[in-house]
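The values are calculated or read from the model by the stated rules, or taken from the named source; none is laboratory data. Everything numeric in this text was worked out from a predicted model, so none of it was measured. Glycine gets a Cβ as well: all are built from the backbone with ideal geometry, and neighbour counts include every protein chain shown. Only protein heavy atoms, including side chains, enter the accessible area calculation; ligands, DNA and RNA are left aside. Shrake-Rupley method; radii C 1.70, N 1.55, O 1.52, S 1.80 Å.
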Amino acid sequence: MKPTDITERATFLPDLCGVRAIFGIVIIGELLAVVLTLVSSGTTAAALDRLSLISLYTQWVGLSGAAVLCLLGRWINPLPESVVAVISFLAILLVATVISELAWHVINPMTGIDPLIHIAHLDFLARTLGISAIVGAMVLRYFYVQHHWKLRTVSEAQARLDALQARIRPHFFFNCMNTIASLTRTDP
């Protein structure tokens, strides 16, 4: 990333429309799905079925949240960082709510006699919102820290360059060039 790229971006949110960000979201979603499967099912035979469903659900929530933040990015980037953080966090929670309601009211009844979701509606919604809030807050905090670390690194590099340029005196170069030129004329 060029120094101008980091300083021109006013907010800590990265470009969530890019391939690199999408790849990171997919990896985070899969890691979360594995952890949730291990916690709930352990290593039983049904764990792979459960992992596939949880993986599909986490990817659905994560990629939908990234898409919404990608679309909102143009409008929220000029705002102060605290406002961007609140809007982003609320957008993540809204997406998680919409996805959980879609899963509950559309996907769950389509499975017939044996529903996919075996817990109460409010419990399912609360779990989804709780996990989305925790993971969303951690990811937003990571983006914030990463952005400010990059800003500090660019700032330190610029300060070092400015300090080096301040040490070099223009007349020093002029005198060196004159000395070299005078030596070149007499003894090539």
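Can you give me the number of residues within segment 36-55 that are within 21 Å of the chain's Cα centre (by Cα) and loosely packed, with under 13 Cβ neighbours inside 10 Å? Looking only at that region, the number is 0.
Just to verify a result, which residue in segment 64-84, among those that are part of a helix (DSSP H, G or I) and in contact (Cβ under 8 Å) with a residue 60 or more places away in the chain, is most open to solvent (accessible area, probe 1.4 Å)? By that ranking, first place goes to 81. If you filter segment 1-23 down to residues that are at pLDDT 90 or above and under 30 Å from residue 47 (Cβ atoms), you find that the one that is surrounded by the most Cβ atoms within 10 Å (Cβ to Cβ) is 22. Scanning segment 41-63 for residues that are assigned to a helix (DSSP H, G or I) and out of contact with any helix residue (DSSP H, G or I) (no Cβ under 7 Å at 6 or more places or on another chain), we see that the one that is nearest to residue 138 (Cα to Cα) is 56.
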